[in-house]
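> The structure under discussion is supplied below as structure tokens; questions concerning it will follow.
The values are calculated or read from the model by the stated rules, or taken from the named source; none is laboratory data. None of the values given here were measured: they were computed from a predicted structure. Heads up, the Cβs are rebuilt from the backbone with ideal geometry, glycines too, and the neighbour counts pull from every protein chain shown. Keep in mind that these areas ignore ligands, DNA and RNA; they rest on the heavy atoms of the full protein, side chains included. Shrake-Rupley method; radii C 1.70, N 1.55, O 1.52, S 1.80 Å.
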Amino acid sequence: MGSMVSIYFLTDHKEMKDQTRIYSLFFVGLALVSFLINIAQHYNFGVMGEYLTKRIREQMISKILTFEIGWFDSDENSSGAICAQLAQDANVVRSLVGDRMSLVIQTASAVLIACIMSLAIAWRLALVMIVVQPLIIICFYARRTLLKSMSKKSLQAQSECSKLAVEAVANLRTVTAFSSQDRILRLFDQAQKGPRKESIRQSWFAGRLSTSMSILRCVWALTFWYGGILMAQHRLTSKALFQTFLILISTGRVIADAGSMTTDLAKGADAVTSVFSTIDRKTEIDPDNPEGYKPKNLEGKVDITEIDFAYPSRPDLIIFKGFSLSIQPGKSTALVGQSGSGKSTIIGLIERFHDPLVGTIEIDGIGIKTYSLRALRKHIGLVSQEPTPFAGTIRENIVYGTETATEEETQSAARYANAHDFISSLKDGYDTWCGERGVQLSGGQKRRTATARAILKQPAILLLDEATSALDSQSEKVVQEALDRVMVGRTSVVVAHRLSTIQNCDLITVLEKGIVVEKGTHASLMAKGPSGTYFGLVNLQQGGSHH
Ligand SMILES: Nc1ncnc2c1ncn2[C@@H]1O[C@H](COP(=O)(O)OP(=O)(O)O)[C@@H](O)[C@H]1O
Ligand SMILES: [Mg+2]
């Protein structure tokens, strides 16, 4: 381009015309070539980026699924935050690689070529100009580091917003029923205020920092001044001056462009950090410990000895202190006590959702940490308070975890769980789609489906956490009947709010604030009379039900 400008200083008109034509054609050709290269480049990086997003998402979700339950309890790992991370961060990483990397490569190669060319044409001038280039780069770098800390804050605020939205949609019924849309909107607005302010501040900073462009002008001035000196000394032709100058100025432009994208780079760097901190995180309770003991059969004896426990998300709230409990194989053990006394926590500890801080939990006399968790959990069935069906057919929901079951086994399990009749009465029977976009099962139906799933597993240990609570008395009876049948000959731990349902258990354990206050059969505990805690609880409920 520099030599092109010098054409206009030629004295011969004919030569000027010829040269101009050559250059014009040259530029048309250049445009064509760069067009083709650009297409190929963007296509390649696009494909690569798409593949990368897929890989990152897959790796993240498969990693997240191995994390211990405690991880999900903490605030920054709520379902909304995880969704936001999967959706946004993976995308940012893609744009970083797909779009930005190509720009970086372009810039780097352009700078390299420019340096070589200008050095070849007029090395003195080029050297001076190259030396001052870092000044420009430093300016942009300073801007980048400043913006980086700011973008982190705005990213956090963004995830706050997504979290709110996901929670609001997940609890839509409650939100609607309590007409609290306004409240949500207010919260949302507040959460967005952060990022909005942040953005405004960012653009202000960016504006101020782009005064670094004026440095670019100073560099021009320097070039002309030094070029003038060199020309006066006859060490430089006007043609070479223009050539070097234009080459290096356009390089400066490229660097400036690259510099202005550093904001995105900074954002991307945060996303990459957050993605990799998830992927590199080591789970505290590994479900796939390959050296773990894989039992063929379990007897079902559970010994909890002298454990201390607090939830990782609330370490200062001690749930158990020196707690011990022994659960006999093949027998049913009931846990009763007021809400918050730690019943569900015991169930969670037996499933090894959490590890106790101190003390041991043994199953069949072997420490729970020795087992391969996946193998151990094969022998443990859980029916929890609010089983949510997965999106899929009812059959898929029943055979979940026991995919090898035959149709016959599935149906017999459903019969056992008193679920066969209601399933058969549905239009599509076992192929009825349930979950978010399928039929809405009632509480009792969900419970019976979950019970069928537990039965099909033929677990040695059955954990029932309020499996019949919050049902109307008719459904409760049907579910209870099914559960009674399953419990026969298995170790079962039953948490029930309604005490009438656990009267027949072999052992009733009464908990109060994480301490066992009474133990015995229904008859022996009732025999204690009014001084007994269990007696009091039973009386309270009977009194309530008479009204
Ligand atoms: N995921 C959790 N994170 C922190 N604290 C919890 C968690 N789950 C339960 N808790 C606390 O542990 C105590 C016992 O809860 P829980 O075992 O669910 O009681 P129960 O099932 O007997 O009603 C309660 O004080 C409760 O607030
Ligand atoms: Mg509970």
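> State all residues of the stretch 416-463 that are basic (Lys, Arg) and part of a helix (DSSP H, G or I); if no residue qualifies, say none.
Pass one, the stretch 416-463, residues basic (Lys, Arg): 427, 437, 446-448, 453, 457.
Scanning the stretch 416-463 gives LYS446, ARG447, ARG448, ARG453.
> Something else: Taking only pairs six or more apart or across chains, which ones have beta-carbon atoms under 6 Å, a first residue in the stretch 374-402 that is farther than 30 Å from GLY292 by Cα, and a second residue that is of a type in the set (Gly, Ala, Ser) and in a loop (DSSP other than H, G, I, E, B)?
PRO389/GLY435; ALA391/GLY435
> A further question on this structure: Looking for whichever is at pLDDT below 75 and surrounded by fewer than 16 Cβ atoms within 10 Å (Cβ to Cβ) here; the options are ILE138, ILE113, ILE105, ILE61. Which one fits?
Working: ILE113 fails: at pLDDT below 75; ILE105 fails: at pLDDT below 75; ILE61 fails: at pLDDT below 75.
Exactly one of ILE138, ILE113, ILE105, ILE61 is at pLDDT below 75 and surrounded by fewer than 16 Cβ atoms within 10 Å (Cβ to Cβ), namely ILE138.
> Is it the case that VAL516 is assigned to a helix (DSSP H, G or I), touching a residue at least 24 places away in the same chain (Cβ under 8 Å) and either touching a Leu at 6+ places or on another chain (Cβ under 6 Å) or assigned by TED's automatic domain parsing to the domain that holds VAL493 (or both)? Lay out the reasoning, then the answer.
On the way: assigned to a helix (DSSP H, G or I): no; touching a residue at least 24 places away in the same chain (Cβ under 8 Å): yes; either touching a Leu at 6+ places or on another chain (Cβ under 6 Å) or assigned by TED's automatic domain parsing to the domain that holds VAL493 (or both): yes.
Answer is no for this residue.
> Restricting to the stretch 20-73, give me the number of residues that are touching a residue at least 12 places away in the same chain (Cβ under 8 Å), hydroxyl-bearing (Ser, Thr, Tyr) and not in a loop (DSSP other than H, G, I, E, B).
3
> Return only the number of the condition from (1) modelled with pLDDT of 70 or more; (2) more than 32 Å from the chain's Cα centre (by Cα); (3) open to solvent by 60 Å² or more (accessible area, probe 1.4 Å) that ARG173 does not satisfy.
With respect to (1) modelled with pLDDT of 70 or more; (2) more than 32 Å from the chain's Cα centre (by Cα); (3) open to solvent by 60 Å² or more (accessible area, probe 1.4 Å), ARG173 is out only on (2).
> Follow-up question, since we're still on this one. Identify the residue in the stretch 506-524 that is open to solvent by less than 10 Å² (accessible area, probe 1.4 Å) and either among the hydrophobic types (A, V, I, L, M, F, W, C) or out of contact with any strand residue (DSSP E or B) (no Cβ under 7 Å at 6 or more places or on another chain) (or both) and, among all such residues, is farthest from ALA310 (Cα to Cα).
Only one residue fits best here, namely ILE508.
> For the subset of the stretch 286-305 comprising residues that are open to solvent by less than 10 Å² (accessible area, probe 1.4 Å) and among the β-branched types (Val, Ile, Thr), which member is nearest to SER492 (Cα to Cα)?
The selected residue is VAL302.
> Here is a further query. Scan the stretch 224-249 for residues that are more than 59 Å from the chain's Cα centre (by Cα) and assigned to a helix (DSSP H, G or I) and jot them down.
If we filter the stretch 224-249 for residues that are more than 59 Å from the chain's Cα centre (by Cα), which is where we start, we get 228-239.
Matches in the stretch 224-249: GLY228, ILE229, LEU230, MET231, ALA232, SER238, LYS239.
> Could you tell me which numbered condition ARG314 fails, if it satisfies all but one of (1) open to solvent by less than 90 Å² (accessible area, probe 1.4 Å); (2) under 23 Å from ASP73 (Cα atoms)?
(1)
> Do we find a residue being free of Cβ contacts under 8 Å to residues at least 24 places away in the same chain and open to solvent by 50 Å² or more (accessible area, probe 1.4 Å) anywhere in the stretch 90-97? Outline the logic, then answer.
In the first step, residues of the stretch 90-97 are kept if they are free of Cβ contacts under 8 Å to residues at least 24 places away in the same chain; the result is none.
Checked the stretch 90-97: no residue is free of Cβ contacts under 8 Å to residues at least 24 places away in the same chain and open to solvent by 50 Å² or more (accessible area, probe 1.4 Å).
So that you can scan it fast, the table gives a plain yes or no per residue for (1) among the polar types (S, T, N, Q); (2) closer than 26 Å to VAL488 by Cβ; (3) within 16 Å of ligand 2 (Cβ to nearest atom); (4) open to solvent by 10 Å² or more (accessible area, probe 1.4 Å):
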{"residue": "GLY322", "(1), (2), (3), (4)": "no, no, no, yes"}
{"residue": "SER326", "(1), (2), (3), (4)": "yes, yes, no, yes"}
{"residue": "LYS331", "(1), (2), (3), (4)": "no, yes, no, yes"}
{"residue": "VAL336", "(1), (2), (3), (4)": "no, yes, yes, no"}
{"residue": "SER341", "(1), (2), (3), (4)": "yes, no, yes, no"}
{"residue": "HIS354", "(1), (2), (3), (4)": "no, no, yes, yes"}
{"residue": "THR360", "(1), (2), (3), (4)": "yes, no, no, yes"}
{"residue": "LYS369", "(1), (2), (3), (4)": "no, no, no, yes"}
{"residue": "SER372", "(1), (2), (3), (4)": "yes, no, no, no"}
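> Determine the pairs where a residue that is touching a residue at least 12 places away in the same chain (Cβ under 8 Å), located within the stretch 410-432, has a partner that is assigned to a helix (DSSP H, G or I) and aromatic (Phe, Trp, Tyr) with Cβ atoms under 7 Å apart, the partner being 6 or more residues away or on another chain.
ILE423/TYR430
> Please go through the stretch 445-488 and give me each residue that is open to solvent by 60 Å² or more (accessible area, probe 1.4 Å) and within 16 Å of ligand 1 (Cβ to nearest atom), ordered by number.
Result: ALA470, single match.
> Considering the stretch 331-367 alone, what residues qualify as being assigned to a loop (DSSP other than H, G, I, E, B) and within 12 Å of ligand 1 (Cβ to nearest atom)?
Residues of the stretch 331-367 assigned to a loop (DSSP other than H, G, I, E, B): 331, 337-342, 351-357, 364-365.
Listed by number, the residues that qualify are GLY337, GLN338, SER339, GLY340, SER341, GLY342, PHE353, HIS354.
> Just checking, does the stretch 391-406 include any residue being buried (at least 16 other Cβ atoms within 10 Å of the Cβ) and more than 31 Å from the chain's Cα centre (by Cα)?
yes
> Quick one: count up the residues across the stretch 305-330 that are of a type in the set (S, T, N, Q) and not in a loop (DSSP other than H, G, I, E, B). Talk me through it step by step, then tell me what you get.
Kept after step one, since they are of a type in the set (S, T, N, Q), are these residues of the stretch 305-330: 305, 313, 324, 326, 328.
With not in a loop (DSSP other than H, G, I, E, B) added as a condition, the list becomes 305, 324, 326.
Of the residues in that region, 3 qualify.
> For the stretch 459-489, give me each residue that is free of Cβ contacts under 8 Å to residues at least 40 places away in the same chain and more than 23 Å from ASP303 (Cβ to Cβ). Steps first, please.
Here is the first cut: in the stretch 459-489, the ones free of Cβ contacts under 8 Å to residues at least 40 places away in the same chain are 468, 471-477, 480, 484, 488.
Once the filter is applied, which keeps residues that are free of Cβ contacts under 8 Å to residues at least 40 places away in the same chain and more than 23 Å from ASP303 (Cβ to Cβ), the stretch 459-489 yields THR468, LEU471, ASP472, SER473, GLN474, SER475, GLU476, LYS477, GLN480, ASP484.
> A follow-up question, please. Might you let me know whether the stretch 294-310 holds any residue that is assigned by TED's automatic domain parsing to the domain that holds ALA496, within 16 Å of ligand 2 (Cβ to nearest atom) and closer than 30 Å to HIS497 by Cα?
Within the stretch 294-310, one or more residues are assigned by TED's automatic domain parsing to the domain that holds ALA496, within 16 Å of ligand 2 (Cβ to nearest atom) and closer than 30 Å to HIS497 by Cα.
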